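Each remark here refers to the structure printed beneath this line.
The values are calculated or read from the model by the stated rules, or taken from the named source; none is laboratory data. A quick note: this is a predicted structure, and the numbers were derived from the prediction, not measured. Quick reminder, even Gly has a Cβ in these numbers, built from the backbone with ideal geometry, and neighbours come from all protein chains shown. Accessible surface is based on the protein model in full, side chains and every heavy atom, while ligands, DNA and RNA are left aside. Shrake-Rupley method; radii C 1.70, N 1.55, O 1.52, S 1.80 Å.
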Amino acid sequence: MVCGWNRCILRVDLSEKTVQSIPLSEELLEKYLGGMGLADKIIWDYILEKDIRAGFDPLSPDNIFVIAMGPLTGLSTQGGRGIYQYISPVTGHLGGGSGGGFVHAMLKQAGYDALVITGKADQPVYLWIDDDSVSIKDASELWGLGAHQTVSTLKKQHGEVCSVVIGPAGENLVRHATAMIDGFKSAGGKCGTGAVLGSKNLKAIVVRGKKGVNVADPKAFLENDADFRNAIKENSAWPRFALWLAYFHTTPFKPRLAEHIYDYAVRLEACWNCHMACCGYHEQSRGKYPTRGTGPEIANQESFSALGVNDLEALNYYSDLLNDYGIDWKEGPGDIGIVMQLYKDGVLSAKDTDGLELDSGDGKIIEEMIHWMAKRERIGNLVAEGKMNIARLFPEARKYDNTVRGTTGYGKDDPRTDRRNIGPAVMCHFTPYRGACLETWGWQSIGLADFSWEFPGKEGLRSGRGYTREEAAEIVKEVVGADDHAMFSKGEPKGWCKLNVRIGNWVVANESLILCRRIACIVDNNITRAGISARMLSTATGKEFTTESIERIGERIFNLQRMIDARLGITRTQDKFPEYFYQPLGDGMGGLTEEDEKVIHEEMDYYYSLRGWDLETGQPTKEKAEELGLAIEWTALQKDGPYKDWEGPPLAGVSRGQRAAS
Ligand code: SF4
């Protein structure tokens, strides 16, 4: 009996109109687990076969799109998440993200460990997966519809099904278009998931899975499952509500939110079988901004407050508009912001914006810009290219582009706010495969940081806390050694490197199992109490896994990601802060200096040496690759080199000369 995994990939070629079930070997699954590891192995083999390298156009039919599930997906333990991986149209290197909801559990229960899509349909289509019955169906009636209407139309057609859909932004190849999952429970990543699907003329993936998933030892699995749930209940670091509310403590939205939250917050939503239920849902029936949807969340409150939005109802309204168009909450507003800045600086004028005065402070401007971006109309055609690419077209914008390799980190990681931030900031910005990213590294560091919250609830004051500095220091001591005990107070970068190597490996391991990172960091604390995930994996699959073997697999995947990015032109040269961080921040906070630069370089040298990477290229050495069972991949990487340096994706349809011409 096959347990934990299905040992099967669903492979769809939209150009050839073919659908195939391809068996997976047990050996491969044991080596890469599933989820992110499986997706990246599939992508590695594919880019080798197609000789894809730096300069590749991710919006061409040759891009590969993978949704992968893990051995724990579809089971009773929080099994709703899936991993999305592809070459990113925003950045030109490996991109993707993870999404929640129910659809991934359904894909797993339909019998697949991964869905792999290549080619391009000659007209709009959607994919209908009903267990073994898979068909490519006409979507001309759906094309042009917002995500809301797309989901309701598909439900009328197929009944209660799960789905991944794109809105008009994906159809129009807006680079930061994302995919909406299960009627807005979640989105599929900030690297252009929706644009890749749009480039393939694929409007939706609709799924019904009825087969279930076998586990090898049901009794033992359920015992571990109970431990897992208890760990969620007992841990106060991230109780329900905390994720949703925590960040408001540092934003202009906090007072309004505290006072009025129960005027419009109607429920908390959860992914498949998740006891955490971390996603809030709002309804605003009165006032200027009637709307309903998920959030608010860290991503949209930070990105919209940077645009000067400090009205909570407006925040929800704009975010729901982005959802319906299918645009990422974090990156979309940032793209609008950089164009507004160019306008303020006089680089763009009212001539370029069809008379829209981007510096007028009128809230309606933001709404108009969202419409234009999604439709690639007028100045929106430029906005749709994304921050980094706008800065490639307009060097004047470089000082505002806060991306590293094309993606944006979070304000709390800004190294200028406190020089002690340099250690964690370098790690968060440089080391994740997709560029700057709190999500692939930072949740765990937040779990370790000094943090507490309290909030008025219907039944009284709710409160919770993360680790205190003392507790965090104890964990760090256990993970990286006594010498680094004081790193929180002294900002000692080497301690962060040691911590990051282990956490980085665990993050990709969790994304391969798949355990939601929001839960993994509390249940197992990733490192010091990682026993539960190993037990769940062993009892689900019937194979013996230990915490050490899972961490080792995580390290293998982390290195494979670096090798994929190496083929796409990423070397140590691109692991750097953009010009943005060298500008003064105001309030006496100066930009990064030559002195800081020295610290950054020393930190990176140390990090590369801990990783077993070449100090000059930033790529895994032969010895490291052999140690991790990646010798064949390493040899192929060397044989096909040298590679052109990464510059970002090719830009078509917009140029500086054309300004915003559609
Ligand atoms: S913690 Fe939140 S995002 Fe993660 S699986 Fe649970 S409900 Fe989904």
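Brief remarks on what is shown
- Shown here is the pair-distance distribution of region 247-403: with all Cα-Cα distances grouped in 10 Å bins from zero up to the longest one, the shares run 10, 38, 32, 16, 3, 0 percent.
- For region 8-208, the fraction of alpha-carbon pairs lying more than 20 Å apart is 50 percent, rounded to a whole number.
- Ordered from highest to lowest accessible area with the whole protein assembly present and a 1.4 Å probe, L307, L515 read as L307, L515.
- By the rule of a C-alpha distance below 25 Å, with chain neighbours fewer than 8 residues away ignored, the lysines paired with K498 are K31, K412, K477, K490, K576, K598, K622, K624.
- Each residue of region 503-512 is assigned a 3J(HN,Hα), and the resulting list reads 5, x, 5, 6, 4, 6, 5, 5, 6, 9 Hz, derived from the Karplus form 6.51 cos²θ - 1.76 cosθ + 1.60 (θ = phi - 60°), x at Gly and Pro.
- Computed from point charges on the beta carbon alone (+1 for Lys and Arg, -1 for Asp and Glu), the dipole magnitude for region 8-208 about its Cα centre is near 580 Debye.
- In a reduced charge model with +1 at each Lys and Arg Cβ and -1 at each Asp and Glu Cβ, region 264-323 shows a dipole moment near 180 debye about its Cα centre.
- Local electrostatic count at W613 - Lys and Arg +1, Asp and Glu -1, tallied over other residues with Cβ under 9 Å: +3
- Relative contact order, percent, region 247-403 [alpha-carbon distance under 8 Å, six or more residues apart]: 15
- R0 of 25 Å, Cβ-Cβ distance I22-K639: FRET efficiency to nearest 0.05: 0.45
- Extending 7 Å from Cα along the Cβ direction at C8 and again at E595 yields two label points whose distance is 6.3 nm.
- Area of D130 that stays accessible when all protein chains are in place (1.4 Å probe, Å², to 10): 40
- Estimated at 0.36 nm per residue, the fully extended path between E626 and D130 surpasses their Cα-Cα distance by 174.4 nm.
- Only lysines eight or more places from K203 in sequence, or on another chain, were considered; those with a Cα closer than 23 Å are K17, K108, K120, K137, K155, K156, K185, K190, K330, K375.
- Our coupling estimate for region 578-594, obtained by passing each phi through the Karplus curve with A = 6.51, B = -1.76, C = 1.60 and θ = phi - 60°, is x, 3, 3, 6, 9, 8, x, 9, x, 6, x, 8, x, x, 4, 10, 4 Hz, Gly and Pro reported as x.
- Estimated from the Cβ-Cβ distance and a Förster radius of 41 angstrom, the FRET efficiency linking A350 and Q149 is about 0.75.
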